[in-house]
1. Can you report the number of residues in segment 49-80 which are crowded, with 20+ Cβ neighbours inside 10 Å and not in a strand (DSSP E or B)?
2. Filter segment 217-276 down to the residues that are surrounded by fewer than 13 Cβ atoms within 10 Å (Cβ to Cβ) and basic (Lys, Arg), then identify the one that is nearest to residue 106 (Cα to Cα).
3. Scan segment 82-89 and give yes if some residue there is surrounded by fewer than 19 Cβ atoms within 10 Å (Cβ to Cβ) and touching a His at 6+ places or on another chain (Cβ under 9 Å), otherwise no.
4. With respect to residue 85, determine if the residue is more than 13 Å from the chain's Cα centre (by Cα), among the aromatic types (Phe, Trp, Tyr) and in the same structural domain as residue 25 (by TED's automatic domain parsing).
5. When the residues of segment 250-265 are narrowed to those that are assigned to a helix (DSSP H, G or I) and of a type outside the set (Val, Ile, Thr), which ends up farthest from residue 197 (Cα to Cα)?
6. Before we move on, is residue 168 outside the structural domain of residue 74 (by TED's automatic domain parsing), among the aliphatic types (A, V, I, L, M) and either in contact with a Leu (Cβ under 6 Å, 6 or more places away or on another chain) or in contact (Cβ under 8 Å) with a residue 60 or more places away in the chain (or both)?
7. Taking segment 165-201, which residues are at pLDDT 90 or above and touching a Gly at 6+ places or on another chain (Cβ under 8 Å)?
8. I'd like to verify a number: residues in segment 207-249 that are outside any helix (DSSP H, G or I) and modelled with pLDDT under 90, how many?
Amino acid sequence: MVHQIIKAPQGLTGTPFAQSALQFKGLSVIESCTHNHGSQGILFLEHHMLLFVLKGSYTIRYAGLEHVVQENQMVLLHKSIAIEYEKSGQPGNGYLLEYMMFFLKDELLKEFITMLDRSVLQPAEPAAVSIQPLNERLSKYLESLKPYFAEPEHVEDGLVRIKLLELLYDVANANPEFMRQLLQLKQKARADIPAVMEENLLNPVSLSDLAYLTGRSLSGFKRDFQSIYNTPPSKWIRERRLDKAKELLQHQSISVTDVCYMTGFESVAHFSKVFKDRFGFPPTVYRQRMG
């Protein structure tokens with residue numbers, strides 16, 4: 001079975017993923033409480049994500065690593081990565097699965113960092129992704145949000161912003177590793193462009209995502225990309241994805257829809273159009289001719 005890569009948070013704010021959500025200028029807080037015997041999929045994180053598991057377990061895999069977040073634990077992940085996940089409720093508790101996801105934009109992190117005591121803004125030591133337990137302060141904070149999910153339409157944007165800033169203070173206070181991770185989110189090191197492009201070719205990434213992953217501004221990324229490949233990044237990505245799609249269409253067991261999503265396209269109609277523009281036939285006709 002092929003899983004479509006869902007963009008988070010946008011793809012999670014409706015059925016069947018989330019029961020309720022709070023949003024502030026594109027920032028999202030998602031609460032999910034379900035009975036889940038086990039499900040899996042792929043998420044592409046458009047913003048940094050804080051995940052708190054209250055019941056059950058949530059397994060995350062990316063970059064060859066696996067992180068299992070159990071009951072009353074949390075993890076912080078940086079944006080612009082595709083993660084594979086498996087989640088399941090507690091067998092002895094009706095398979096109850098409960099968690100909260102907080103998606104944080106760079107702008108909010110910048111505001112938080114400017115509010116910190118300058119004494120903590122020293123260069124951050126490298127901090128790997130780590131699973132941390134929830135302390136009492138964070139547990140009570142999460143509990144305090146539940147009334148807001150009951151009537152999100154009555155919660156003002158300003159209040160959501162204040163609550164998210166409060167969360168960052170509580171997380172930074174909970175563990176020095178988390179403070180280092182928060183600071184590192186704004187200190188992305190420059191990376192090799194070809195390596196980043198190959199690793200993310202089939203993910204639903206934007207040019208801004210790729211610029212972030214290479215540690216460059218968008219204009220700097222476009223300039224450096226042009227100097228390496230002698231073509232604009234958007235054109236290079238489209239051509240490479242279409243080449244891969246052409247290869248996959250030779251396998252009759254993979255549907256055209258699955259080929260579309262597997263190669264990073266988000267719309268079957270758009271995929272069919274650009275495929276025809278490149279190869280002269282829409283994907284379905286190309287497959288028939290190959291058969």
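1. The qualifying residues number 3.
2. Across segment 217-276, the extreme among qualifying residues is 223.
3. Looking through segment 82-89, at least one residue is surrounded by fewer than 19 Cβ atoms within 10 Å (Cβ to Cβ) and touching a His at 6+ places or on another chain (Cβ under 9 Å).
4. no
5. So the first thing to find is which residues in segment 250-265 are assigned to a helix (DSSP H, G or I), and the list is 256-262.
Narrowing the set further to residues that are of a type outside the set (Val, Ile, Thr) leaves 258, 260-262.
Details: 258: 22, 260: 19, 261: 18, 262: 16 Å.
By that ranking, first place goes to 258.
6. Numbers: outside the structural domain of residue 74 (by TED's automatic domain parsing): no; among the aliphatic types (A, V, I, L, M): yes; either in contact with a Leu (Cβ under 6 Å, 6 or more places away or on another chain) or in contact (Cβ under 8 Å) with a residue 60 or more places away in the chain (or both): yes.
The answer is no for residue 168.
7. 201
8. Matching residues across segment 207-249 total 4.
The values are calculated or read from the model by the stated rules, or taken from the named source; none is laboratory data. None of the values given here were measured: they were computed from a predicted structure. Neighbour counts are summed over all protein chains in view; Cβ atoms, including those assigned to glycine, are modelled from backbone coordinates with ideal geometry.
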